[in-house]
Amino acid sequence: MDNACRHDVRDISRNFQILGEFRSAMPWGSGHINDSYCALYSQAGVEVRYLVQRVNHTIFKNPVGLMQNVERVTAHLATKWADQPDASRRVLTLVPTRNGRCSFIDASGDHWRVYLFIEKARTYDVVESPGQAFQAGRAFGEFQALLADLPAPRLIDTIPDFHNTPKRFASFEIALAADVAGRARLAGPEIDFALSQKSLCKVLLEANLPARTTHNDTKFNNVLLDDQTGEGICVIDLDTVMPGLAPYDFGDLVRTTTSRASEDERDLSKVFFDFPLFESIARGYLSAAGGFITKAERQHLAVSGLLITFETGLRFLTDFLAGDAYFKVHRQGQNLDRCRTQFKLMGSMARQENSMRKLVEEIQ
Ligand SMILES: Nc1ncnc2c1ncn2[C@@H]1O[C@H](COP(=O)(O)OP(=O)(O)O)[C@@H](O)[C@H]1O
Ligand SMILES: [Mg+2]
């Protein structure tokens with residue numbers, strides 16, 4: 001076993017239809033959810049890389065259903081790209097197991113999958129330019145557009161009620177009433193703010209928007225950007241692809257891309273909404289999705305950033321009150337700090353909401 005790897009990647013990858021000889025493996029990427037490895041094989045004298053990934057089944061309770069979603073979505077996208085140049089860099093390609101399945105279950109019950117490694121492209125944790133923000137917006141818009149005609153049946157919900165903001169609010173109220181860790185007294189202003197925003201929670205769910213196939217984890221680092229052209233070449237991390245509302249995807253990209261401060265920054269003066277980055281995301285997204293989303297969906301793009309930023313802050317606050325049960329903390333009060341950055345960012349967005357609305361209406 002490779003020392004740096006927490007799993008025996010050589011042994012695991014043996015179960016997949018990979019030709020040639022295993023050379024080495026190393027941990028890969030900065031993702032927090034799955035365990036990802038880059039495995040190097042020699043195939044008739046050429047070195048070929050594969051991305052070997054363990055599905056996190058603590059978070060995803062139905063890994064079999066999840067993999068069925070991934071298989072259907074990647075197959076559908078592949079038909080859209082068939083015969084195009086670079087087709088196999090534009091969609092994730094699953095490598096089947098030796099017995100023709102899309103994932104392998106090891107002796108300890110872990111589910112593993114292998115993708116072709118997309119070369120000459122990489123992800124970035126932080127946006128470096130408006131051009132990159134445009135590309136991420138475009139890539140996620142294109143992803144939704146290409147999946148708009150995914151044939152029935154409905155994909156399974158890999159995390160039920162993932163973006164049900166009223167339910168998130170109800171969980172917050174329960175955690176506040178219980179106050180199991182005795183921390184409510186430490187978060188007075190944040191609790192008051194959260195309570196004052198209750199009516200915002202239902203704004204998307206009550207807008208009669210169509211259910212679509214959405215990504216649901218539209219972070220900037222879930223798009224591979226081409227090294228040469230900078231194009232957003234492939235949307236990755238498909239574990240949460242399921243039926244959802246298009247503006248939630250747009251909103252989460254806005255949340256994670258328009259603030260350059262870290263999620264737990266304590267100096268709140270560093271946390272603000274960067275309007276030019278928003279403009280790039282909106283132009284990119286609408287260049288790909290503008291033709292198929294409805295008027296109502298477009299009208300809810302501006303508020304979606306505020307809503308999802310509020311929802312995220314609320315989840316951090318709920319977890320702070322519950323004694324840090326869900327989000328890992330490395331220091332005391334970290335979840336409250338995370339809540340504060342989200343609420344600060346939301347306030348900064350709210351001051352520019354009208355300009356966001358105007359812009360989104362105007363873009364062709
Ligand atoms: N098919 C692929 N080819 C090349 N790199 C990949 C591929 N899939 C994922 N990666 C890299 O691995 C990292 C983690 O993968 P991801 O699926 O996003 O896992 P997580 O859910 O942990 O974020 C990504 O940020 C990306 O850099
Ligand atoms: Mg990821």
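Candidates are the residues of the range 1-34 that are over 24 Å from residue 100 (Cβ atoms) and within 16 Å of ligand 2 (Cβ to nearest atom); the one that is most open to solvent (accessible area, probe 1.4 Å) is 32.
Let's see how each residue does on (1) away from ligand 1 (no atom under 13 Å from the Cβ); (2) out of contact with any Gly (no Cβ under 9 Å at 6 or more places or on another chain); (3) over 29 Å from residue 162 (Cβ atoms):
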{"position": "46", "(1), (2), (3)": "yes, no, yes"}
{"position": "60", "(1), (2), (3)": "no, yes, no"}
{"position": "66", "(1), (2), (3)": "no, yes, no"}
{"position": "89", "(1), (2), (3)": "no, yes, no"}
{"position": "102", "(1), (2), (3)": "yes, yes, no"}
{"position": "107", "(1), (2), (3)": "yes, yes, yes"}
{"position": "115", "(1), (2), (3)": "no, yes, no"}
{"position": "129", "(1), (2), (3)": "yes, no, yes"}
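Only one entry of 294, 256 meets the criterion of being surrounded by fewer than 17 Cβ atoms within 10 Å (Cβ to Cβ), out of contact with any Ser or Thr (no Cβ under 7 Å at 6 or more places or on another chain) and not acidic (Asp, Glu), and that entry is 294. Of all the residues in the range 111-144, those that are modelled with pLDDT under 95 and open to solvent by less than 30 Å² (accessible area, probe 1.4 Å) number 1. A search for C-beta distances below 6 Å between a residue of the range 212-236 that is more than 23 Å from residue 260 (Cβ to Cβ) and any residue that is part of a loop (DSSP other than H, G, I, E, B) and open to solvent by less than 30 Å² (accessible area, probe 1.4 Å), counting only pairs 6+ apart in sequence or on different chains, returns 213/147; 216/240; 234/118. In this structure, residue 147 does not satisfy being open to solvent by 40 Å² or more (accessible area, probe 1.4 Å) and under 25 Å from the mean Cα position of the chain (by Cα).
Suppose the filter is surrounded by 12 or more Cβ atoms within 10 Å (Cβ to Cβ), at pLDDT 95 or above and of a type in the set (A, V, I, L, M, F, W, C); does residue 205 pass it? Give the derivation first.
Values: surrounded by 12 or more Cβ atoms within 10 Å (Cβ to Cβ): yes; at pLDDT 95 or above: no; of a type in the set (A, V, I, L, M, F, W, C): yes.
No, not satisfied.
Could you please let me know if residue 261 is open to solvent by less than 10 Å² (accessible area, probe 1.4 Å), more than 16 Å from ligand 2 (Cβ to nearest atom) and farther than 25 Å from residue 56 by Cβ? Show your work before the answer.
Details: open to solvent by less than 10 Å² (accessible area, probe 1.4 Å): no; more than 16 Å from ligand 2 (Cβ to nearest atom): yes; farther than 25 Å from residue 56 by Cβ: yes.
Answer is no for this residue.
Residue check: residue 262 meets all listed conditions (1) assigned to a loop (DSSP other than H, G, I, E, B); (2) modelled with pLDDT of 95 or more but one, namely (2).
Among the listed residues 204, 150, 146, which satisfies the condition of being in contact (Cβ under 8 Å) with a residue 60 or more places away in the chain, under 30 Å from residue 72 (Cα atoms) and touching a strand residue (DSSP E or B) at 6+ places or on another chain (Cβ under 7 Å)? Step through it out loud before you land on a result.
Numbers: 204 fails: touching a strand residue (DSSP E or B) at 6+ places or on another chain (Cβ under 7 Å); 146 fails: touching a strand residue (DSSP E or B) at 6+ places or on another chain (Cβ under 7 Å).
Answer to the selection: 150.
Scanning the range 346-358 for residues being under 16 Å from residue 273 (Cα atoms), part of a helix (DSSP H, G or I) and open to solvent by 20 Å² or more (accessible area, probe 1.4 Å) gives a total of 7.
The values are calculated or read from the model by the stated rules, or taken from the named source; none is laboratory data. This structure is a prediction, so every number in the text was calculated from the model and none was measured. Using ideal geometry, Cβ is built from the backbone for each residue, glycine included, and neighbour counts are taken over all protein chains shown. The accessibility values were calculated without ligands, DNA or RNA, using every heavy atom of the protein model including side chains. Shrake-Rupley method; radii C 1.70, N 1.55, O 1.52, S 1.80 Å.
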